[in-house]
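The values are calculated or read from the model by the stated rules, or taken from the named source; none is laboratory data. All of these numbers come straight from a predicted model, not from anything done at the bench. Here the Cβ is made from the backbone with ideal geometry for all residues, glycine too, and neighbour counts use every protein chain on show. Surface accessibility is based on the protein's heavy atoms, side chains included, excluding ligands, DNA and RNA. Shrake-Rupley method; radii C 1.70, N 1.55, O 1.52, S 1.80 Å.
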Amino acid sequence: MICFPNAKINLGLNIVSKRPDGYHNIETVFYPIPVKDALEIVPASSFSFNQTGIPVDSPAEKNLVIKALNLLKTQYTIPPVEVHLQKCIPFGAGLGGGSADAAFMLKLLNEFCSLNIPSDHLELMASSLGADCPFFIRNTPVFASGIGNIFEPVTLSLNKYYLCLIKPDVSVSTPEAYSLVKPAKPEVSLKKIIETPVEEWRETMTNAFEKSVFAKRPVIEAIKNALYEEGAVYASMSGSGSSVYGLFEKPTSLKNQFTSCFVWEGKLE
């Protein structure tokens with residue numbers, strides 16, 4: 001049985017306040033995009049895990065797919081399976097690829113083993129694996145608050161737009177990115193901004209991480225500027241980086257312009 005975990009982008013991101021536990025309250029909109037990994041499980045006599053595609057420099061037991069499997073094993077009888085993960089979503093990019101893999105593993109095993117776990121319980125289980133993991137259970141646009149773990153469904157479709165996603169070969173330290181941002185409550189909620197035409201977002205929708213990240217990694221800012229020069233209706237860094245996306249009214253062909261980067265271009269769903 002196979003499934004295709006997809007990534008997400010952040011539409012805007014506000015750092016609202018610092019919490020007593022050291023984390024930050026945020027506001028953002030998660031939007032699913034069709035940049036996908038492939039995850040397969042097949043019956044086996046003993047457990048095995050094989051990962052191909054983009055190399056992941058960590059032992060198997062730390063992979064969120066395996067953590068999701070082990071989490072289900074604590075509550076349900078799961079037969080031995082071979083797990084195959086083809087990694088195509090860049091990591092360290094603000095795209096939620098690892099979280100998507102974990103959530104889709106829960107859903108895949110739920111179907112494979114006929115566990116009949118309802119979605120709200122799957123979301124609760126996913127929350128123990130990562131703040132944004134529950135988003136990928138229902139996999140529809142949401143307004144996220146808290147530490148990115150409180151979701152409100154929103155009515156939003158970008159299916160008339162084309163996406164160009166670019167991830168340069170640089171990394172961004174999330175703790176460092178947070179340390180350089182001064183929390184502030186936004187004047188206008190993202191819930192209001194996403195109700196306005198996308199053409200207006202350039203002036204109203206911001207990612208609070210961009211100023212500090214751009215100062216440390218100017219190549220990321222250069223990519224955002226290039227996307228606007230190519231005609232993007234809206235462009236932004238996703239999450240705390242390092243990927244940048246642009247929304248276009250027409251298909252793009254920019255791979256030759258960013259040969260040293262991961263580039264994905266296609267229609268939004």
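Take the alpha carbon atoms of region 19-80, find their center, do the same for region 198-269, and report the distance between the two centers in whole angstrom.
About 27 Å separates the Cα centre of region 19-80 from the one of region 198-269.
What's the FRET efficiency of residue 62 with residue 150 using the Cβ-Cβ distance as r and R₀ = 22 Å, to the nearest 0.05?
0.25
At q = 0.15 Å⁻¹, what log₁₀ I(q)/I(0) does region 131-212 have when each alpha carbon counts as one equal point scatterer in the Debye sum?
Debye curve over Cα of region 131-212, log10 I(q)/I(0) at q = 0.15 Å⁻¹: -0.78.
Reachable lysines from residue 182, Cα under 29 Å, same-chain residues fewer than 8 places away excluded?
Of all the lysines, those that pass the test against residue 182 - Cα under 29 Å, at least 8 places apart if same chain - are 8, 18, 167, 191, 192, 211, 216, 224.
Projected onto the charge dipole of region 128-269 (+1 at Lys/Arg Cβ, -1 at Asp/Glu Cβ, origin at the Cα centre), which of 184, 234, 219 gives the Cα projection farthest towards the positive end?
Value: 184.
In whole angstrom, how long is each semi-axis of the equivalent ellipsoid of region 1-100, when you take the square root of 5 times every eigenvalue of its Cα gyration tensor and sort them from largest down?
29, 17, 12
Hey, can you grab everything whose amide H is under 5 Å from the amide H of residue 234? Only 5+ residues off in sequence or another chain; H modelled, so Pro and N-termini drop out.
The answer is 247.
What FRET efficiency comes out for the pair residue 215/residue 140, r = Cβ-Cβ distance, R0 = 45 Å, nearest 0.05?
Taking R0 as 45 Å, the efficiency between residue 215 and residue 140 is 0.85.
Per residue, how much accessible area does region 137-255 show when a 1.4 Å probe rolls over the protein heavy atoms, in square angstrom?
Values: 6100 Å² over 119 residues.
Per-residue accessible area for region 137-255 comes out at 51 Å².
For the chain, report the convex hull volume of the alpha-carbon atoms normalised per residue, in Å³, without decimals.
In the chain, the Cα convex hull volume per residue is 131 Å³.
Restricting the calculation to Cα positions, tell me the Rg (one decimal) and the Dmax (whole number) of region 184-223 in Å.
Over region 184-223's Cα set, Rg and Dmax evaluate to 12.3, 33 Å.
Rank 135, 207, 253 by how far each Cα sits towards the positive end of the charge dipole of the chain (+1 on Lys, Arg Cβ; -1 on Asp, Glu Cβ) and give me just the farthest.
So the residue we want is 207.
In debye, nearest 20: dipole of region 28-110 around its Cα centre with unit charges on the Cβ of K, R (+) and D, E (-)?
The dipole magnitude comes to about 160 debye.
Cβ neighbours within 10 Å, averaged per peptide: list 95-107, 75-87 in order, most packed at the top.
The densest-packed peptide leads the list: 95-107, 75-87.
Counting helices only, and only those DSSP H runs with n ≥ 4, report the 222 nm mean residue ellipticity of the chain as the sum of -39,500 (n - 2.57) divided by its residues, in deg cm²/dmol to the nearest 500.
-7000 deg cm²/dmol
Which order do the peptides 52-61, 213-222 come out in when sorted by mean C-beta neighbours inside 10 angstrom, highest first?
Output ranking for 52-61, 213-222: 213-222, 52-61.
Taking the Cα centre of the chain as origin and charging only Cβ (+1 Lys, Arg; -1 Asp, Glu), how large is the dipole, in debye to the nearest 20? Walk me through the intermediate numbers first.
Numbers: 24 positive and 27 negative charges, 59 e Å.
Charge dipole of the chain: 280 debye, to the nearest 20.
How big is D, in µm² s⁻¹, for region 80-220 by Stokes-Einstein at 25 °C and 0.890 mPa s if Rh is the Kirkwood radius over C-alpha pairs?
Taking Rh from Cα pairs, D becomes 138 µm²/s.
Show me, for region 200-207, the HN-Hα J-couplings you get by feeding each phi into the Karplus relation (A = 6.51, B = -1.76, C = 1.60, θ = phi - 60°), rounded to Hz, glycine and proline as x.
8, 5, 4, 8, 10, 9, 10, 10
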